[in-house]
Amino acid sequence: MLDTDTKRRIDTARDILVGKVPDPKSQVEQITIALIYKFMDDMDAESEELGGKRKFFTGDYARYGWAKLMAPSLGGHEMLGLYGEGIAKMPENPGIPPLFRDIFKNAYLPYRDPETLKAFLKIIDEFSYDHSERLGDAFEYLLSILGSQGDAGQFRTPRHIIDFMVEVLAPQKSETILDPA
(Lines give C-alpha, C1' and ligand atoms only; values in the text may rest on other atoms or scores of the structure.)
Protein backbone atom coordinates (compact mmCIF):
# COMPACT_ATOMS: atom_id res chain seq x y z
CA MET A 1 0.00 0.00 0.00
CA LEU A 2 1.23 3.43 -0.90
CA ASP A 3 2.04 5.79 1.96
CA THR A 4 0.55 9.30 2.15
CA ASP A 5 3.92 10.96 1.49
CA THR A 6 4.27 9.18 -1.85
CA LYS A 7 0.68 10.01 -2.78
CA ARG A 8 1.39 13.66 -1.97
CA ARG A 9 4.46 13.61 -4.20
CA ILE A 10 2.50 12.12 -7.09
CA ASP A 11 -0.26 14.69 -6.62
CA THR A 12 2.35 17.49 -6.54
CA ALA A 13 3.96 16.17 -9.73
CA ARG A 14 0.55 16.17 -11.42
CA ASP A 15 -0.14 19.72 -10.18
CA ILE A 16 3.16 20.89 -11.71
CA LEU A 17 2.25 19.35 -15.06
CA VAL A 18 -1.37 20.56 -15.20
CA GLY A 19 -0.61 23.84 -16.97
CA LYS A 20 1.75 22.25 -19.50
CA VAL A 21 0.20 18.80 -19.93
CA PRO A 22 -3.57 19.20 -19.56
CA ASP A 23 -4.55 15.63 -20.49
CA PRO A 24 -4.56 13.40 -17.36
CA LYS A 25 -3.41 10.36 -19.35
CA SER A 26 -0.41 12.30 -20.63
CA GLN A 27 0.35 13.43 -17.06
CA VAL A 28 0.35 9.79 -15.93
CA GLU A 29 2.63 8.91 -18.85
CA GLN A 30 5.10 11.71 -18.02
CA ILE A 31 5.18 10.75 -14.34
CA THR A 32 5.59 7.05 -15.17
CA ILE A 33 8.48 7.74 -17.55
CA ALA A 34 10.24 9.93 -15.00
CA LEU A 35 9.70 7.41 -12.19
CA ILE A 36 11.10 4.55 -14.25
CA TYR A 37 14.04 6.72 -15.34
CA LYS A 38 14.80 7.49 -11.68
CA PHE A 39 14.18 3.87 -10.66
CA MET A 40 16.70 2.59 -13.23
CA ASP A 41 19.31 5.00 -11.88
CA ASP A 42 18.50 3.94 -8.30
CA MET A 43 19.09 0.31 -9.31
CA ASP A 44 22.42 1.28 -10.91
CA ALA A 45 23.47 3.13 -7.74
CA GLU A 46 22.49 0.16 -5.55
CA SER A 47 24.47 -2.18 -7.79
CA GLU A 48 27.56 0.02 -7.39
CA GLU A 49 27.10 0.21 -3.62
CA LEU A 50 27.07 -3.60 -3.49
CA GLY A 51 30.28 -3.82 -5.52
CA GLY A 52 28.65 -4.41 -8.91
CA LYS A 53 28.53 -2.31 -12.03
CA ARG A 54 26.01 0.02 -13.56
CA LYS A 55 23.79 -1.63 -16.12
CA PHE A 56 21.42 1.03 -17.46
CA PHE A 57 23.43 4.25 -17.62
CA THR A 58 26.77 3.08 -19.03
CA GLY A 59 28.91 3.93 -22.05
CA ASP A 60 27.29 6.60 -24.21
CA TYR A 61 24.26 6.55 -21.91
CA ALA A 62 26.22 7.43 -18.75
CA ARG A 63 25.72 11.11 -19.57
CA TYR A 64 21.96 10.68 -18.96
CA GLY A 65 22.37 9.37 -15.40
CA TRP A 66 20.08 10.93 -12.81
CA ALA A 67 22.92 12.54 -10.81
CA LYS A 68 24.15 14.32 -13.94
CA LEU A 69 20.61 15.40 -14.75
CA MET A 70 20.10 16.79 -11.24
CA ALA A 71 23.54 18.43 -10.92
CA PRO A 72 23.15 21.92 -9.36
CA SER A 73 25.52 23.34 -11.98
CA LEU A 74 23.17 22.29 -14.80
CA GLY A 75 21.06 25.18 -16.08
CA GLY A 76 17.36 24.86 -16.87
CA HIS A 77 17.78 24.76 -20.66
CA GLU A 78 20.64 22.25 -20.34
CA MET A 79 18.47 20.07 -18.10
CA LEU A 80 15.64 20.32 -20.62
CA GLY A 81 17.93 19.24 -23.44
CA LEU A 82 19.57 16.42 -21.49
CA TYR A 83 16.32 14.95 -20.15
CA GLY A 84 14.51 15.29 -23.50
CA GLU A 85 17.41 13.64 -25.30
CA GLY A 86 17.74 10.98 -22.60
CA ILE A 87 14.14 9.80 -22.77
CA ALA A 88 14.22 9.89 -26.58
CA LYS A 89 17.38 7.76 -26.77
CA MET A 90 16.43 5.23 -24.08
CA PRO A 91 14.81 2.77 -26.55
CA GLU A 92 18.21 2.45 -28.26
CA ASN A 93 20.02 1.67 -24.98
CA PRO A 94 21.21 -1.96 -25.16
CA GLY A 95 21.69 -1.99 -21.38
CA ILE A 96 18.00 -1.83 -20.53
CA PRO A 97 15.54 -4.72 -20.79
CA PRO A 98 13.03 -4.81 -23.67
CA LEU A 99 10.14 -3.93 -21.31
CA PHE A 100 11.80 -0.64 -20.36
CA ARG A 101 12.75 0.03 -23.99
CA ASP A 102 9.09 -0.37 -24.94
CA ILE A 103 8.04 2.10 -22.24
CA PHE A 104 10.44 4.69 -23.63
CA LYS A 105 9.70 3.85 -27.29
CA ASN A 106 7.39 6.79 -27.97
CA ALA A 107 8.44 8.93 -25.01
CA TYR A 108 8.91 12.63 -25.56
CA LEU A 109 8.79 15.82 -23.57
CA PRO A 110 5.54 17.61 -24.54
CA TYR A 111 6.62 21.01 -23.21
CA ARG A 112 9.75 23.16 -23.45
CA ASP A 113 9.59 25.09 -20.19
CA PRO A 114 12.79 24.61 -18.14
CA GLU A 115 11.23 25.85 -14.89
CA THR A 116 8.37 23.34 -15.12
CA LEU A 117 10.79 20.51 -15.84
CA LYS A 118 13.08 21.55 -13.00
CA ALA A 119 10.18 21.61 -10.49
CA PHE A 120 8.82 18.32 -11.85
CA LEU A 121 12.16 16.48 -11.68
CA LYS A 122 12.82 17.88 -8.22
CA ILE A 123 9.63 16.12 -7.02
CA ILE A 124 10.56 12.91 -8.86
CA ASP A 125 14.01 13.12 -7.22
CA GLU A 126 12.32 12.83 -3.81
CA PHE A 127 11.14 9.31 -4.68
CA SER A 128 13.38 6.50 -3.55
CA TYR A 129 12.77 3.02 -4.85
CA ASP A 130 14.63 0.33 -3.02
CA HIS A 131 12.16 -2.28 -4.27
CA SER A 132 10.18 -2.61 -7.49
CA GLU A 133 6.97 -3.09 -5.49
CA ARG A 134 6.99 0.62 -4.65
CA LEU A 135 7.07 1.52 -8.32
CA GLY A 136 4.07 -0.78 -8.86
CA ASP A 137 2.22 0.88 -5.98
CA ALA A 138 2.90 4.33 -7.42
CA PHE A 139 1.72 3.24 -10.87
CA GLU A 140 -1.41 1.67 -9.41
CA TYR A 141 -2.17 4.94 -7.61
CA LEU A 142 -1.69 6.90 -10.84
CA LEU A 143 -4.18 4.61 -12.59
CA SER A 144 -6.67 4.95 -9.76
CA ILE A 145 -6.50 8.73 -10.15
CA LEU A 146 -7.66 8.34 -13.72
CA GLY A 147 -10.38 5.91 -12.71
CA SER A 148 -9.23 3.70 -15.56
CA GLN A 149 -7.73 0.88 -13.56
CA GLY A 150 -10.47 -1.62 -14.37
CA ASP A 151 -11.06 -0.29 -17.88
CA ALA A 152 -7.44 -0.73 -18.87
CA GLY A 153 -7.12 -4.12 -17.18
CA GLN A 154 -4.27 -2.77 -15.10
CA PHE A 155 -4.48 -4.76 -11.92
CA ARG A 156 -1.27 -5.79 -10.24
CA THR A 157 -0.88 -8.79 -8.00
CA PRO A 158 0.56 -7.65 -4.65
CA ARG A 159 4.00 -9.03 -3.79
CA HIS A 160 2.84 -11.00 -0.72
CA ILE A 161 0.32 -12.90 -2.87
CA ILE A 162 2.95 -13.60 -5.53
CA ASP A 163 5.33 -14.88 -2.84
CA PHE A 164 2.57 -17.09 -1.39
CA MET A 165 1.71 -18.53 -4.82
CA VAL A 166 5.36 -19.29 -5.55
CA GLU A 167 5.79 -20.97 -2.16
CA VAL A 168 2.68 -23.12 -2.59
CA LEU A 169 3.28 -24.07 -6.22
CA ALA A 170 7.08 -24.40 -5.95
CA PRO A 171 7.53 -24.02 -9.73
CA GLN A 172 10.51 -25.56 -11.46
CA LYS A 173 12.49 -23.85 -14.24
CA SER A 174 10.98 -26.11 -16.89
CA GLU A 175 7.37 -25.43 -15.85
CA THR A 176 4.94 -22.79 -17.08
CA ILE A 177 2.31 -21.30 -14.80
CA LEU A 178 -0.91 -19.66 -15.94
CA ASP A 179 -2.69 -16.96 -13.94
CA PRO A 180 -6.09 -16.77 -15.70
CA ALA A 181 -7.37 -14.05 -13.37
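The values are calculated or read from the model by the stated rules, or taken from the named source; none is laboratory data. Values in this document were obtained by computation on a predicted structure and should not be read as measured data. Note: ideal-geometry Cβ built from the backbone for every residue, glycine included; neighbour counts use all protein chains shown.
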Open item on the list: With exposed (fewer than 14 other Cβ atoms within 10 Å of the Cβ) and modelled with pLDDT under 95 as the only criterion, which of G76, G95 stands out?
Closed with: G76
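What helices (runs of 4 or more DSSP H) lie completely within segment 44-109 and have 2 or more residues being among the aliphatic types (A, V, I, L, M) and closer than 20 Å to S26 by Cβ? If you could, list the steps in order and put the result at the bottom.
On the way: elements: 66-69, 76-89, 98-104.
Correct list: 76-89.
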Open item on the list: Going through M43, M70 one at a time, which residue ends up being under 17 Å from R101 (Cβ atoms) and either modelled with pLDDT of 90 or more or not small (G, A, S) (or both)?
Closed with: M43
Open item on the list: For the list (1) within 22 Å of I16 (Cα to Cα); (2) surrounded by 12 or more Cβ atoms within 10 Å (Cβ to Cβ); (3) modelled with pLDDT under 95, I need the number of the one condition that R156 fails.
Closed with: (1)
- [ ] Could you tell me which numbered condition Q30 fails, if it satisfies all but one of (1) of a type in the set (S, T, N, Q); (2) in contact (Cβ under 8 Å) with a residue 12 or more places away in the chain; (3) over 24 Å from L99 (Cβ atoms)?
- [x] (3)
- [ ] Name the single residue, out of those in segment 11-32 being basic (K, R) and either surrounded by 13 or more Cβ atoms within 10 Å (Cβ to Cβ) or touching a His at 6+ places or on another chain (Cβ under 7 Å) (or both), that is farthest from K122 (Cα to Cα).
- [x] K20
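Within segment 1-10, take every residue that is more than 11 Å from A138 (Cβ to Cβ) and without any contact (Cβ under 8 Å) to a residue 60 or more places away in the chain and give me the one that is surrounded by the most Cβ atoms within 10 Å (Cβ to Cβ). It would help to see each step written out before you state the result.
First, the residues of segment 1-10 that are more than 11 Å from A138 (Cβ to Cβ): 1, 4-5, 8.
Applying the additional criterion that residues be without any contact (Cβ under 8 Å) to a residue 60 or more places away in the chain yields 4-5, 8.
Working: T4: 7, D5: 10, R8: 12.
That would be R8.
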TODO: Just name the residue that is nearest to L109 (Cα to Cα) out of those in segment 12-27 that are touching a residue at least 60 places away in the same chain (Cβ under 8 Å) and aliphatic (A, V, I, L, M).
DONE: V21
- [ ] Considering each residue of segment 33-60, count those that are among the small types (G, A, S), surrounded by fewer than 17 Cβ atoms within 10 Å (Cβ to Cβ) and under 13 Å from Y129 (Cβ atoms), and give that number.
- [x] 1
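Okay, residues lined up against (1) in contact (Cβ under 8 Å) with a residue 12 or more places away in the chain; (2) aromatic (F, W, Y):
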{"residue": "Y37", "(1), (2)": "yes, yes"}
{"residue": "M40", "(1), (2)": "yes, no"}
{"residue": "A62", "(1), (2)": "no, no"}
{"residue": "W66", "(1), (2)": "yes, yes"}
{"residue": "E85", "(1), (2)": "yes, no"}
{"residue": "K89", "(1), (2)": "yes, no"}
{"residue": "F104", "(1), (2)": "yes, yes"}
{"residue": "L109", "(1), (2)": "yes, no"}
